[in-house]
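The values are calculated or read from the model by the stated rules, or taken from the named source; none is laboratory data. Being a predicted model, the structure only gives us computed values, none of them experimental. Reconstructed Cβ throughout: ideal geometry from the backbone, glycine too, with neighbour counts over all protein chains shown.
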Amino acid sequence: MYSLSKPERLCSKTLLEELLASECSFVKYPFRVILKDSSFPGEFPARIAISVSKKKFKRAVKRNYIKRITREAYRLNKPDFYMSLPSGTTLDILFIYLDNHLFSYSKIEKAMKNILEKIPHYLPQAT
């Protein structure tokens, strides 16, 4: 349950394009979160992708560091998140890092917990 396997990652180009065309998004600093009920159901309740701008972080080391700690924060907090989602749905979620500065893991994890608590309120079934 605490792993982040390949089917939990959003890799399909068509699914990413559909997600970017979605109007359901919110900002929980330092992330912008875009989500959509997936058109292609998966074996897990959610699939994620993480984006860090090359314009803000020129060095790949820093971009990869942010992606790594974001994945880790998501991975550790996803069991509670999966319990809050209705069964039979698959969400596609994109986390876009907004800030120009590196945050510590504790701040990223706190933001991720808040995001994962907020997502079920944005689902069409919940409104």
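Just a few scattered comments:
- Of the residues 67, 78, the single one that is farther than 15 Å from residue 30 by Cβ, in a helix (DSSP H, G or I) and under 15 Å from the mean Cα position of the chain (by Cα) is 78.
- Failed criterion for residue 84 (all others in (1) in contact (Cβ under 8 Å) with a residue 40 or more places away in the chain; (2) within 14 Å of residue 35 (Cβ to Cβ) hold): (1)
- The conditions of being loosely packed, with under 13 Cβ neighbours inside 10 Å, at negative phi and touching a residue at least 40 places away in the same chain (Cβ under 8 Å) are met by residue 41.
- Residue 39 being under 27 Å from residue 100 (Cβ atoms) and among the polar types (S, T, N, Q): no
- For the residues 123, 94, the requirement of being at pLDDT 95 or above, over 19 Å from residue 2 (Cα atoms) and surrounded by 14 or more Cβ atoms within 10 Å (Cβ to Cβ) singles out 94.
- Residue in region 13-30 that is among the aromatic types (Phe, Trp, Tyr), at pLDDT 95 or above and part of a loop (DSSP other than H, G, I, E, B) present: no
- Cβ pairs under 6 Å, 6+ apart, first in region 47-67 and closer than 13 Å to residue 101 by Cβ, second of a type outside the set (Val, Ile, Thr) and exposed (fewer than 14 other Cβ atoms within 10 Å of the Cβ): 56/100
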